[in-house]
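Peer 1: Mind looking over this structure? Questions follow.
Here, each number is a calculation from the coordinates, and none is a lab measurement. Because the structure is predicted, anything quoted here is derived from the model rather than measured. Backbone-built Cβ (ideal geometry, glycine too); neighbour counts: all protein chains shown.
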Amino acid sequence: MPLIDAHCHLDDAQFADDLDDVIARALDAGISAIITAGADVATSRAAVELAEKYASVYAVVGIHPHAAHAFDDAQLDQIRALALHRKVVGIGEIGLDFYWKENAPRAIQERVLIAQLDLAVEVDKPVVIHDRDAHAELMAILARRTSPRGILHCFSGDLAMARAAIDRGFLISFAGNLTFKNATRLQAIARELPLEKIVIETDAPYLSPLRGNRNEPANVARGAEKIATIKNVEPRVVADATTQNSKMLFRME
Ligand SMILES: [Zn+2]
């Protein structure tokens, strides 16, 4: 099956010892592209270095809401410079996270997000959005800006939000948590959405389908199989559609 892992973190320390093997297993599983995401300037740079090292790896670069406190014009300039790299296919992961109380105040998170949405428009690349407990605030920002296209990574909203995002040019990205037994609400949303608007990711090393284990890009196949079961179609149909969706949005060969 042709597959793309639309979002993961290959620079994570959990991959430090065996990344060559992880990538080899992904290629064996049919994965043609892996998009690894930065979360601050240092990890964005690391993502670009991995994209330079491995043909099948692409990068998105950006400042995650967890790192919004330190954001300034100098950081924006560094992300802009990285964004121009030929293997950087988007700006991310960026967004809002109101779950963790130690994160920057909401107003700061929103300012950092808006600056990077503008950057995405400027460099003409899509965005990878992180949203935790900030659904309404995120949709308000996407509605009032000349918003770029992108994906809502590890989608956690409801069906109405998914449809509103799709109307704004977004794709809905389902992560490994779609395969969890208690994910019936998320699975119901996946059932309703057209395959043309869905992409699949692992968010590795997080959200392993085998809970408690390290996740890796090869497991994106489990996501395709789960969506196939939910939609009562062949896994190959899901793999083809989601691969095409990611390729078109991120403009990968
Ligand atoms: Zn992530």
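Peer 1: Tell me whether the range 46-53 contains one or more residues that are over 23 Å from His130 (Cα atoms) and away from the ligand (no atom under 16 Å from the Cβ).
Peer 2: The initial filter retains those residues of the range 46-53 that are over 23 Å from His130 (Cα atoms), namely 52-53.
Going one step further and asking which of them are away from the ligand (no atom under 16 Å from the Cβ), we end up with 52-53.
Yes.
Peer 1: Tell me the residue from Asn215, Asn232, Asn245 that is touching a Gly at 6+ places or on another chain (Cβ under 8 Å) and farther than 16 Å from Ser56 by Cα, please. Walk me through how you get there before you give the answer.
Peer 2: Numbers: Asn232 fails: touching a Gly at 6+ places or on another chain (Cβ under 8 Å); Asn245 fails: touching a Gly at 6+ places or on another chain (Cβ under 8 Å).
The unique qualifying residue is Asn215.
Peer 1: Please enumerate the residues belonging to the range 1-22 that are in contact (Cβ under 8 Å) with a residue 60 or more places away in the chain, away from the ligand (no atom under 16 Å from the Cβ) and out of contact with any Pro (no Cβ under 8 Å at 6 or more places or on another chain).
Peer 2: Once the filter is applied, which keeps residues that are in contact (Cβ under 8 Å) with a residue 60 or more places away in the chain, away from the ligand (no atom under 16 Å from the Cβ) and out of contact with any Pro (no Cβ under 8 Å at 6 or more places or on another chain), the range 1-22 yields Pro2, Leu3.
Peer 1: Being free of Cβ contacts under 8 Å to residues at least 60 places away in the same chain, under 19 Å from Glu201 (Cα atoms), under 16 Å from the mean Cα position of the chain (by Cα) and in a helix (DSSP H, G or I), is that true of even one residue in the range 85-103?
Peer 2: No, because not a single residue in the range 85-103 is free of Cβ contacts under 8 Å to residues at least 60 places away in the same chain, under 19 Å from Glu201 (Cα atoms), under 16 Å from the mean Cα position of the chain (by Cα) and in a helix (DSSP H, G or I).
Peer 1: Glu110 fails exactly one of the following numbered conditions: (1) over 26 Å from Ala204 (Cβ atoms); (2) surrounded by fewer than 16 Cβ atoms within 10 Å (Cβ to Cβ); (3) in contact with a strand residue (DSSP E or B) (Cβ under 8 Å, 6 or more places away or on another chain). What is the number of that condition?
Peer 2: Failed condition: (2).
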